[in-house]
1. From other protein chains only, count the Cβ atoms within 10 Å of every residue's Cβ in A:4-13, then give the mean.
2. For chain A, return all DSSP H helices satisfying: extent of Cα atoms along own axis at least 24 Å; mean Kyte-Doolittle hydropathy at least 0.5.
3. Any idea what diffusion coefficient the protein assembly as shown gets from Stokes-Einstein, in µm²/s, Kirkwood Rh on alpha carbon pairs, 25 °C, 0.890 mPa s?
4. What is the helix-to-structure angle for B:207-219, meaning the angle in degrees between its Cα long axis and the longest Cα principal axis of chain B, kept from 0 to 90 and rounded to the nearest 10?
5. Given chain A reduced to its alpha-carbon atoms as identical point scatterers, what log10 I(q)/I(0) does the Debye formula return at q = 0.14, 0.15, 0.16, 0.17 Å⁻¹?
6. Based on the Cβ-Cβ distance from B:ALA22 to A:ILE66, what FRET efficiency comes out when R0 is 30 Å, to the nearest 0.05?
7. How high is the FRET efficiency between B:PHE92 and A:SER183 when r is their beta carbon distance and R₀ equals 56 Å, given to the nearest 0.05?
8. Once the convex hull of the alpha carbons of the stretch A:93-151 is built, what does its volume come to per residue, in cubic angstrom?
Amino acid sequence: MLKWFKQLDKILRGDATRIPSLAEGRFTTPVAGLSVAIVLLGVLYGLCAGTFAMIRTGGEAYMQMIASAIKLPMLFFLTLAVTFPSLYVFNALIGTRLSVISALRLLIAALGVMLAVLASLGPIVVFFALSTKSYPFMVLLNVATGTVAGVLGLGFLLRTLDRLVIVQEDIEISNFEASLKNSQSEEKESRKIEPTGALDRMGKVTTRKAKSVFRIWTIVFALVGAQMSWVLRPFIGCPTAPFEWFRERESNFFIAVLQSLASLFSL
Amino acid sequence: MLLQAEYVLRARPWAVEDDRTAKKLAQLGLLIAVFGIMYGAVMGSFGGVFGERFWQVVFSAVKVPFLLIGTFALSLPSFFVVNTLFGLRSDFSYSLRALLATQAGLTIVLASFAPFTVLWYVSFSNYRGAILFNTFMFGSASITAQWLLRRFYEPLIRRNRRHRTLMRAWLVIYAFVGIQMAWVLRPFIGSPYAPTQFFRQDAWGNAYVRLANIILSLIGG
């Protein structure tokens, strides 16, 4: 178990995503153990989020804590499952060298970052759950912790993807130089290399495209994650509503957050 | 011990040097406890120090260090993860000592304000005035402590400019948790109209919700 958390620690410290580790444009950190660490951290934060119901309603409210502890890791893996196919397709379309396995590993690493941040905010959430009666406040606090975790996790993802693109460019340049040498040694026998004009962009086009695609994709991931958290609700447990595993299909995440804000200021 | 306190105030490298981390953390914790208890006791003496009211002095004396150390403990995990994520793990033990030394500095400054508080209590009997005065003392001590934190953090920031951002992030988290912690741990001063209690019966409220309501009622909502 310590080994799994050591892997997570390596990712957090950035050892796993230094340029030399990414050579050949692949992300090689093993993720099986890491996934277990992610689930454990998710269970931990789920317990923290469910604490509010425990304090307020008593009795069978421990069910809320159990339900939150089960649902919180699900939230992250389901978000991953929904967004992964499109990321992979676009990633292949713009021609980065990231294989399916590498892309998946990278995303799980990003989840690891998110959950480490989220779980580290757990004590603060428990403290507020123990001392607060206001349900909208707890909702907004959890939205805030989720946002911090999401921003840092996706920031990690973008930086790593940028690094992968740099690595890829280096590989392309060295290939280009190699082919240039070959063609010189073969006395320009073949003119496979297109003559480039003074104004032609070299290499950078893919880089820019890749970056914008990844940026858009992180927004998609954030939106899906937010809505997924709404679909899987309740995590906190409204003190006036009975315990349920899932709630009826209604409204959406963003309207609910606005409503919470409104009711916080109108009490 | 007074020598240690002076080292902290002068931001000597004593508090943040590399050797014997654990021992220094313990010494800093002791400083926080001793000086926190000192100011807390004075703070709780508003309603008098005899009979029933004596307990308010004891409660406040316990609660001030608890407020600081509790807030510190709750904020630390997220600060640790974020530091790691920004690649500053190798400096973390230094940061930890700098933060704890700042807390110690805060309590020392507070304790040095204690005579003012005594004078205020002797001069004025208005409870609201006492609250305002203590808020002012805590505010001044916090501003001084922040200045101390900057001095402790200077070498770190020189080494890596990200430390500046993280120091600000720390102040935000710490203030967010600290305000609620102070609210939950009421009463510190002890209203002369209320019985002496460790916690208020209705204390489990939320400072931010109350604040939102007050602002709203001021606007006229």
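1. Numbers: counts 0, 0, 0, 0, 0, 2, 0, 2, 9, 6.
Counting Cβ atoms of other protein chains within 10 Å of each residue's Cβ and averaging gives 2.
2. Numbers: long enough: A:32-57 (38 Å, 1.75); A:62-93 (48 Å, 1.39); A:100-120 (30 Å, 2.32); A:135-185 (75 Å, 0.61); A:204-231 (40 Å, 0.59).
In chain A, the long hydrophobic H runs are A:32-57, A:62-93, A:100-120, A:135-185, A:204-231.
3. Result for D is 95 µm²/s.
4. With both axes taken from Cα atoms, the answer is about 60 degrees.
5. Debye output, listed in q order: -0.97, -1.07, -1.17, -1.27.
6. Computed FRET efficiency for B:ALA22 and A:ILE66 comes out at 0.20.
7. Values: r = 53 Å, r/R0 = 0.94.
Working from the Cβ atoms, E equals 0.60.
8. So the per-residue hull volume is 91 Å³.
All of the numbers you see were taken from the coordinates with simple rules; none came from a lab. Just so we're clear, the structure is a prediction, and the values are computed from it rather than from any experiment. Heads up, the Cβs are rebuilt from the backbone with ideal geometry, glycines too, and the neighbour counts pull from every protein chain shown.
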